[in-house]
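Derivation of every value follows stated rules applied to the coordinates shown; laboratory data play no part. These numbers were taken from a predicted model, which means no experiment stands behind them. Note: ideal-geometry Cβ built from the backbone for every residue, glycine included; neighbour counts use all protein chains shown.
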Amino acid sequence: MKLSELIQGIDIQSPYHDYEVKDIRNNSKLVEPGDIYVAIKGSNVDGHRFAADAAARGARTVVVEQDMGLENQLIVQDTKKAYAMLCANFFGNPSERIKLIGVTGTNGKTSTTTIIKSILEAAGLKTGLIGTIQIEYGAVVKPNPNTTPDAYMFQKTLKEMLDAGCCYVVSEISSHALAQERILGSRFEVCGFTNLTQDHLDYHKDMEDYFLAKKKLFTMGKYNVVNIHDAYGRRLAEELPEKPVTFSVSDPNADFYASEIECTASSVHFRMTHGGVTSRVIFAIPGLYSVENALAAISICRVLGISMDTIISALAKIKGVKGRCEIIFSNSRFMVVCDYAHTPDGIENILQSLKAVSKGRVVAVFGCGGDRDRTKRPLMAEACEKYADFIIVTSDNPRSEDPEAIIGDILPGMSGKVDFVKRTDRTEAIRYAMENAQQDDVIVLLGKGHETYQILKNETIHYDEREVVAQIAKNLNE
């Protein structure tokens, strides 16, 4: 593709020579002759430092934000935005030929996008999924390094899905991706908002900055769907120039309203009212938060024109989402559930749901990630105390931090109203919970969910809680 074609939509502030571009790189070490190199200022490293190296490796054009004194440099105001636009153009702007659905929010993105994919496929529509757990389309399943991939991988994935015959793609959209302009240049058919609670304040300077990053998505879609049960969702709905489609579990004036919610140990039932018509809905994951996820999916699929009968039928058949209130072990004495909840609100949601249906104790096993927002650590402890009957504090992806220091930040949030123990080694924490389980206990392993690894200071090791629980259960039975 010619450089002149690639730079469509980008404000170029310097002259350039046209040529056939081989590829686009934002890592100078990967540059080959004929490539474009884009110098991006990251959180820790400024790519402008490597612009000369990229040119020496054969980059025909170096995209920069300032004069670097290089031949064939292309000066732009913002290289993050330029990179995203270059990638979209390079892959032929696939979002213009496919119906792209984006879902953002602190909690519920994975569940909501998975539900939407299931409904669309039940309607006979081939659908791709880009999410925290993985990338899926047809028989293809790929790992995804980020909730929302970098601009190059995002556009490349959309093009692959389009070429594979997908007519819809549903994607989780993270606040990091929005702040870093990864999805700029994409055209969304529908954008959905689930909720906003404290998270990622190690990256965003405060909740206002976090909200404004999320809000960016809703300037990119043809239709917007917003949860107005959530306070930030109500604000978003009020601030958007055109009224969005709304859903709620508390406001009967919402376009999609859930009432008469009944939870069982394995499902949730509710009445859903839309346009004066009420339908009975059965969904396989219990809890109020599951109703909101289901409502988000219902609202988005109705906006896409899927019939209510198809939607309700598909919801009743969904078996759950990996790592989201997933039962990974059960016997006559106790049950073990794993869930990805890693925010105060997420923990409160899952524990409240299980407490409502549990015959015995709810035992929470949790830790906090290293190199992440330290202010939420005691808040996660407080959330556990609200609904857990016993708590085991442990480790969860400590990264470069000392696990004991992380636990030291957690413990001030424990008021003492709920008994707890500390087991820094996560396997020992799970073993303690299972060996000391009482009749009808529900043991909830919080934080890892679908993850199959533990991130330590100098390495990432394989760590799948399903395997850990299975081995402990085997030893208990021997």
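How would you order 74-84, 308-318 from highest to lowest mean count of nearby Cβ atoms within 10 Å?
Numbers: 74-84: 21.5, 308-318: 16.7.
So the peptides 74-84, 308-318, ranked by packing, come out 74-84, 308-318.
Classification of the stretch 94-317 by its C-alpha gyration tensor yields an oblate form. The axis ratio a/c (a ≥ b ≥ c) is 1.5 or more, and b/c is at least a/b. Take the Cβ atoms of Ile12 and Arg97, set R0 to 22 Å, and the FRET efficiency comes out at 0.25. Taking the DSSP beta bridges with both ends in the chain, the antiparallel portion is around 35 percent. One Cα centroid belongs to the stretch 314-355, the other to the stretch 13-64; the line between them spans 46 Å. Each residue of the stretch 51-63 was assigned a 3J(HN,Hα) from its phi angle through the Karplus curve 6.51 cos²θ - 1.76 cosθ + 1.60 (θ = phi - 60°); the sequence is 4, 5, 5, 4, 5, 5, 7, x, 4, 6, 9, 10, 8 Hz, with glycine and proline shown as x. When the charge dipole of the chain is built from unit charges on Cβ atoms (+1 for Lys and Arg, -1 for Asp and Glu) and taken about the Cα centre, the candidate among Ala52, Ile350, Ile10 whose Cα reaches farthest toward its positive end is Ile350. Between the labelled values [x] 4, 15, 17, 14, 13, 14, 13, 7, 2, 0; [y] 4, 22, 33, 27, 12, 2, 0; [z] 4, 19, 27, 25, 16, 7, 2, 0, the entry that holds P(r) over Cα pairs in 10 Å bins from 0, in percent as derived from this structure is [z].
Values of log10 I(q)/I(0) for the stretch 361-471 across q = 0.17, 0.18 Å⁻¹ run -0.77, -0.86, by the Debye formula with one identical scatterer at each alpha carbon and no solvent.
Considering only DSSP states other than H, G, I, E and B, which GluC sites (Glu not before Pro) in the stretch 176-245 qualify as loop sites with at most 16 other Cβ atoms within 10 Å? Answer by residue number: Glu242.
Put simply, the amide H of Asp373, placed in the peptide plane, has neighbours under 5 Å in His200, Leu201, Asp202, leaving out anything fewer than 5 places away on its chain. A crude spin-label estimate for the pair Ala56 and Arg466, with each label 7 Å from Cα along the Cβ direction, gives 4.8 nm. Full extension of the chain segment joining Lys22 with Ala164 gains 48.8 nm, where the gain is 0.36 nm per residue of separation less the Cα-Cα distance. Between Thr375 and Tyr203, the modelled labels are 1.7 nm apart [label points 7 Å from Cα along Cα→Cβ]. As I understand it, the value is the acute angle between the Cα axis of helix 465-477 and the longest principal axis of the Cα atoms of the chain; what does it come to in degrees, rounded to 10? With both axes taken from Cα atoms, the answer is about 30 degrees.
I need Tyr453, Tyr137 ordered by Cβ neighbour count within 10 Å, fewest first.
Neighbour counts put them in this order, fewest first: Tyr453, Tyr137.
Net charge dipole, the chain: roughly 860 debye, given to the nearest 20, about the Cα centre with Cβ charges of +1 for Lys and Arg and -1 for Asp and Glu. Residues within the reach of a label modelled at Lys243 (point 7 angstrom out along Cα to beta-carbon, backbone nitrogen below 18 Å), restricted to the stretch 302-339, are 303. Backbone N atoms of the stretch 1-41 closer than 12 Å to the 7 Å Cα→Cβ label point of Asp78 belong to residues 11.
Taken one residue at a time, the phi angles of the stretch 163-173 give Karplus couplings (6.51, -1.76, 1.60, θ = phi - 60°) of 5, 7, x, 5, 9, 10, 9, 10, 9, 6, 10 Hz. Gly and Pro are set to x. Most tightly packed first, judged by the mean number of other beta-carbon atoms within 10 Å of their residues, the peptides 400-407, 460-467 read 400-407, 460-467.
What is the helix-to-structure angle for 288-303, meaning the angle in degrees between its Cα long axis and the longest Cα principal axis of the chain, kept from 0 to 90 and rounded to the nearest 10? The angle comes out near 40 degrees. Remark on Arg182: its backbone amide H falls under 5 Å from none of the residues 5 or more positions apart or on other chains, H modelled at 1.01 Å from N.
Bridgeable lysines around Lys319 (alpha carbons under 28 Å apart, same-chain partners fewer than 8 residues away excluded): Lys99, Lys109, Lys117, Lys126, Lys142, Lys355, Lys359, Lys448, Lys474. Computed from Cα positions, the angle between helix 79-90 and the longest principal axis of the chain comes to roughly 80 degrees. Counting Lys and Arg as +1 and Asp and Glu as -1 over every other residue whose Cβ lies under 14 Å from the Cβ of Glu96, the net charge comes to +4.
Report the calculated FRET efficiency for Lys142 and Met1 (r = Cβ-Cβ distance, R0 = 25 Å), to the nearest 0.05. Mind dumping the intermediate values first?
On the way: r = 25 Å, r/R0 = 0.98.
The value I calculate is 0.55.
Taking chymotrypsin sites (Phe, Trp or Tyr not before Pro) across the stretch 17-77, the ones in a DSSP loop with at most 14 further Cβ atoms lying within 10 angstrom of their Cβ are Tyr19.
When the helices of the chain are scored as -39500 (n - 2.57) per DSSP H run of n ≥ 4 and the total is divided over every residue, the value at 222 nm lands at -9500 deg cm²/dmol. Considering the zone a paramagnetic label at Met68 would reach in this model (a point 7 Å from Cα along the Cα-to-Cβ line), which residues of the stretch 144-184 have amide N under 14 Å from it? It comes to no residues whatsoever. Protection proxy ranking, highest mean first, for peptides 278-286, 100-108: 100-108, 278-286, where packing is the per-residue count of other beta-carbon atoms within 10 Å, averaged.
In straight-distance terms, cross-link reach from Lys2 covers every one of the lysines whose alpha-carbon lies under 25 Å from its own, apart from those fewer than eight places away in the same chain; here that gives Lys22, Lys29, Lys80, Lys81, Lys156, Lys159. If R0 is 30 Å, the Cβ-Cβ spacing of Val421 and Lys126 corresponds to a FRET efficiency of close to 0.05. Spin-label model, Tyr453/Gln439: points 7 Å from Cα along the beta carbon direction are separated by 4.4 nm. Derived scalar couplings between HN and Hα for the stretch 427-435 equal 5, 5, 5, 5, 4, 4, 4, 6, 5 Hz in order, rounded to whole Hz, by the Karplus curve 6.51 cos²θ - 1.76 cosθ + 1.60 (θ = phi - 60°), x for Gly and Pro. For Val63, the residues 5 or more places off, or on other chains, whose built amide H falls under 5 Å of its own are Tyr37, Val38, Ala39, Leu74.
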